[in-house]
Amino acid sequence: MRVTDRMIFDGALRSTLQARVRADRAALVAGTGVRVAHPGDDPAAMGGVVAGRSAEARFESIRKVADGARDELVQADAALGSVSTMVRRAEQLAIQLANGSYDADARAAGAHEVEALIAGVTAALDGKYGDRYLFGGNTPDVPPFAADGTFQGGAGARSVEIAPGVFEDVAPDAGRAIAGAGGGTDVLAAMRALAAALAANDGDAVQGQIAGLGAGLKQIAAERARIGGSVAVLESASAAALEARDGAKAQVAGLTEADVVAAASELALSQRALEAALAAASESFRLSLLDKF
Amino acid sequence: MSNLLAILAQASGSLAAHSAAAATAGHNLQNAGTAGYARQRATLGAVTPAYFVGAGWIGRGVALQGITRARDQFVEAQLPAALGGEAKARAEAEALRAVHVLDPGLPGGLSGSIADFYGSLRALSASPSDGVLRGGAVRAADTLARSFRSAAAGIRDARKAIDADLQARLPAVNDAAARFADLNRQIRAAASTGAPPNDLLDARQRLQDELVALTGAQPVAEASGDVHLLLPGGGALVSGTAAASLAVAPDPANAGLLAVQLVPPGGGAPRPLGGMGGAIGGLLSARDGALADAGRRLDRLAYDFGSALDAAHAAGVGTDGAPGGPMFQFGAVDGAALRFAVDPALLADPARLATAAPGAPAGDGANLLRLVATETGADPAGALGSLTAAFGAATARAESAAEHEAALLDHLSTLRESASGVSVDEELVELTRAQRAYEAVGKVIRVTDEMLQSLLELR
């Protein structure tokens, strides 16, 4: 094959340009750590990147919501724990003051204590998580219990997504646990009746409230158990979401990020190739019969 | 004496022949850097008939028999397809590579907006009647709608930018076609002398390469020496000494984007072209291929996503108790992404976000869960991933084709240059050879002159 001067120049230009493009690309990859940016860089990977980033964001939001719901339930459980303690004290007072050895003064003092306990229970049940009432159910904007103790919260549950397409009820059911919805005992009513019986120095009536308060305590314990179960579910959902998020993140990183060692090697190699191309080009330009004439 | 005078006359002719050889080598050297130039060679031959002098034939020196241009027709026949193919693939690949609106990592891109939208709905599910969270969800919906419009506008703008590029290339095509036709005329006239007009042929070859790369036109040579240029979509861009021209007009069937038309020589009604090659064909391929497909897929995604959300939204009520109207506005499938917007009433009043089941209190989130569930049901992220992968595959395919075509063209161009290019070393040798021959003929003249002088001195 004849080799012309233009072939020498074009070849030198082509090889140096190709080497420079390779070196620039290697420098970009090594500098940014990103292997692909445009969909055309790796089409199959890019489809996975979109799905992976979406999954990453989805699991992160599931995790946040699950964590928030868990915190809310933990606070509700703590509030119900306080309520339980106060109801138990009322039950103790009822058992104690139902005894005929107590006089009217002692029972009146007991009535005062029970009134204070009712106020404490009401205060605990009116607790808020952020801007919403903990025990408002699906009506979290209004106090769950009216001044007369009537439950006015929502009967429906609030649910959050704990895994793609899986939902968990997260609102404590104060209607069932405190107001006795569904045939249970109205705890606040029982406490009020106890206070009234104590104030009236009616031992039999006081005795009559013991069973109701005991049943109320069982209701509260049952709701706390349910909340405990939900907390456990939310905790495991949060952990699973965290793991899934990290998995998606790793998948995206695997698809988009450059291998650091490979990128550094490619950078060194491409720079060497560029140096060689430049040296070869300058040498090939120098050799011509023109200089011998 | 008459023989000596004949030698002088022959020597004069020989000097002219060697002078032509030197001039040709010089012409080659001067054009060593000229693109598209094919080296020329002066062909010298012994002058016939020789003298018969009884005992034998005495030659009559050397004469220029012609100046030929070095072209390998086997290579030349393959080059037009390679030139057109490379230009088409490169133009398509470059046009697609320049589109970044579908990059998954693009800040504010569709992928992130979809995730943020569902994240805001999920956050709202913890407290559906919370005004702040409702406002956040509606704002996220608005951001998502903007992302749809932005992506669709990006694709539309990329297609329009290709139209602008297309228009900018047409004057070069039409100018080159007119000059090509004129060169056909000049070559026809010059060839009537019987000698090939090498430099005119080179000039026409350069224009041919240029036009082939721009339009994909294929040359058809005639025995008369004319070369016609036929466009891939039918019709002659150049027919002998008549040049047609290319024009563009909005195509109502293609969203008003430009269609390329062929205007017959001397004017007349333009007619649409079935297809184009070269760079113009590559641009059209990018515009009406991968980009149009991405636009259609985006419209379908917007429509399906919006329809799923609207259906779920219509099943619930807002905190104001009003039934959920449409959540998004987008119209028919065609152009849905570009029209995608949050319902203005919802945008103005987030209380209208239908999160509750009908009849349930404001804080109910039953219907919100339906909205959240569309992330799994409608799977917009999956559809977007598929769209992105399809666009990426089209880009990668075009780039791969461009690399392949470039390698093929590079190979053929090297073969052309090897056959037709000027080697300075070679031409310096040719020049020296002609110079030596010229000097030798000069020596013949001097010796003959001395012989004549001797003859004259005998008297």
Under 6 Å between Cβ atoms, which residue pairs at least 6 apart in sequence (or on different chains) link something in region B:112-136 that is under 18 Å from B:H313 (Cα atoms) with a partner that is part of a helix (DSSP H, G or I) and of a type in the set (S, T, Y)? B:G119/A:S61; B:R122/A:S61; B:G136/B:S120
Quick check: is even one residue across region A:40-53 outside any helix (DSSP H, G or I), of a type outside the set (A, V, I, L, M) and out of contact with any strand residue (DSSP E or B) (no Cβ under 6 Å at 6 or more places or on another chain)? yes
Against the definition (surrounded by fewer than 24 Cβ atoms within 10 Å (Cβ to Cβ), at the interface with chain A (Cβ under 8 Å from one of its Cβ atoms) and out of contact with any Gly (no Cβ under 9 Å at 6 or more places or on another chain)), how does B:D130 come out, yes or no? no
Could you please tell me which pairs satisfy a Cβ distance under 6 Å, a separation of 6+ or placement on different chains, a first residue in region A:1-12 that is facing chain B (nearest Cβ under 7 Å), and a second residue that is not in a loop (DSSP other than H, G, I, E, B)? A:M1/B:S418; A:R2/B:S418; A:T4/B:E417; A:D5/B:V424; A:R6/B:E417; A:M7/B:E417
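Every residue, every condition in (1) farther than 30 Å from B:A366 by Cα; (2) not in a helix (DSSP H, G or I), yes or no:
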{"residue": "B:G274", "(1), (2)": "yes, yes"}
{"residue": "B:L283", "(1), (2)": "yes, no"}
{"residue": "B:D299", "(1), (2)": "no, no"}
{"residue": "B:A308", "(1), (2)": "no, no"}
{"residue": "B:H313", "(1), (2)": "no, no"}
{"residue": "B:G321", "(1), (2)": "no, yes"}
Of the residues B:A190, B:A269, B:A213, B:A223, which single one is part of a helix (DSSP H, G or I) and modelled with pLDDT under 95? B:A190
Flagged in region A:152-169 as more than 7 Å from chain B (Cβ to nearest Cβ) and either under 21 Å from B:D379 (Cβ atoms) or assigned to a strand (DSSP E or B) (or both), in numbering order, are A:I162, A:A163, A:V166, A:E168, A:D169
Give the residues of region A:94-110 that are in contact with a helix residue (DSSP H, G or I) (Cβ under 7 Å, 6 or more places away or on another chain) and more than 18 Å from A:D186 (Cα to Cα), sorted by residue number. A:I95, A:L97, A:A98, A:G100, A:A106, A:R107, A:A108, A:G110
Every residue from region B:18-74 that is within 25 Å of B:D425 (Cβ to Cβ), assigned to a strand (DSSP E or B) and among the aliphatic types (A, V, I, L, M): B:A42, B:L44, B:V62, B:L64, B:I67
Residue among B:G321, B:G335, B:G267, B:G295 that alone is at negative phi and either out of contact with any strand residue (DSSP E or B) (no Cβ under 8 Å at 6 or more places or on another chain) or of a type in the set (D, E) (or both): B:G295
Say whether the condition of being over 30 Å from B:P80 (Cα atoms), surrounded by fewer than 19 Cβ atoms within 10 Å (Cβ to Cβ) and touching a Ser or Thr at 6+ places or on another chain (Cβ under 9 Å) is met by at least one residue in region B:367-386. yes
Residue satisfying all of: in region A:114-151; surrounded by 15 or more Cβ atoms within 10 Å (Cβ to Cβ) and more than 30 Å from B:L124 (Cβ to Cβ); nearest to the other protein chains (Cβ to nearest Cβ) among these: A:G149
State whether the residues of region A:52-70 include one that is surrounded by 22 or more Cβ atoms within 10 Å (Cβ to Cβ), in contact (Cβ under 8 Å) with a residue 12 or more places away in the chain and farther than 30 Å from A:A157 by Cα. yes
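The values are calculated or read from the model by the stated rules, or taken from the named source; none is laboratory data. Remember, predicted model here, so these are calculated numbers, not experimental data. For neighbour counting, all protein chains shown are included, and Cβ atoms are generated from backbone atoms with ideal geometry for every residue, glycine included.
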